[in-house]
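Okay, structure first, notes after.
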Amino acid sequence: MADYEDYLRDERMLSQHTTRAYIGDVVSLLAFLHGVNADDAGDPSAHDERLDTGLDGLGVGVLRAWLARQREEGRSRTTLARRAASARTFTAWAHRRGLLPSDPGTRLASPRPHRRLPGVLRADEAAELMRVGEVGADTGHPVALRDHALIELLYATGVRISELCGLDIDDVDFDRRVVRVLGKGRKQRMVPFGLPSERALRSWLRRGRPEVATADSGAALFLGVRGKRVDPRTVRRVVHDAVAAVPGAADIGPHGLRHSAATHMLDGGADLRSVQELLGHATLATTQLYTHVTVERLKAIHDQTHPRAQ
């Protein structure tokens, strides 16, 4: 398991969160395998003898039974799909390492996860969210300046919360008005931002950040109140609190701002490929989810306004 964890982290370049989830899935699978192969689960000698066989018996039947057990326990289709992917990744690695004579994961199908339409802000609600942040920043309080800058940047770029928290000062190019983002799989991309974000960032860096920076701050762009790099929990709280101040707005977090940015770009005429590049999606299929949101909005407008809709 230690070798497999190194593979996920160093070769697949998965995030710490994803690596932890994959390891947990494989531990669950191997625990299930132990129970399936033991002739007598209550007999320690039989159990020890089976353990000596390593991964012997880990076939597609065991994989399917493992997923079926979880389905019976009420796991969602999304969870089952993720765990099937974890199992396939593990069996492929084990086969390459010579721990399995063949790769049973190639014969394992998994349920397609439900793709729920994301909650988004309307364009006018997003504008009001930015205005509320600007009013707070006018007080000159360092935290208010930071909150306004990070919300502006989240909405302007559609970056993930982990990408935002990982930004350093040098990642921001004010001359070209782009930010260098390190995304999933450690893939780097350049994402543009607008003039409002530039103003908010400059105010934070000039008037806010020096007030909270400490010797532990390093090069982090956004800082917490104790001077260390801001953490995702703080960013989520900031976004939820700010959105709560917008009348009628759905309760969304940082990922909701990412959804909103993508939807509003598509509404404004952006093509899917451009939005895919901006958001750092590995496949166009992920980006196409946002077109469903736009279509639902068009249908709602049609139902409300067209004389022959009803």
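The values are calculated or read from the model by the stated rules, or taken from the named source; none is laboratory data. These numbers were taken from a predicted model, which means no experiment stands behind them. Because the Cβ atoms are built from the backbone with ideal geometry, glycine has one as well, and the counts that use them run over all protein chains shown.
Some observations on this one:
- Residue match in segment 262-279 (condition: within 17 Å of VAL172 (Cβ to Cβ) and in contact with a helix residue (DSSP H, G or I) (Cβ under 8 Å, 6 or more places away or on another chain)): yes
- Scope segment 201-224; condition under 23 Å from ARG131 (Cα atoms) and under 25 Å from the mean Cα position of the chain (by Cα); matching residues: LEU201, LEU221, PHE222, LEU223, GLY224
- Hey, LEU121 under 19 Å from LEU29 (Cβ atoms), modelled with pLDDT under 90 and surrounded by 17 or more Cβ atoms within 10 Å (Cβ to Cβ) or not: no
- Only one of LEU195, LEU167 that is crowded, with 16+ Cβ neighbours inside 10 Å and of a type outside the set (S, T, N, Q): LEU167
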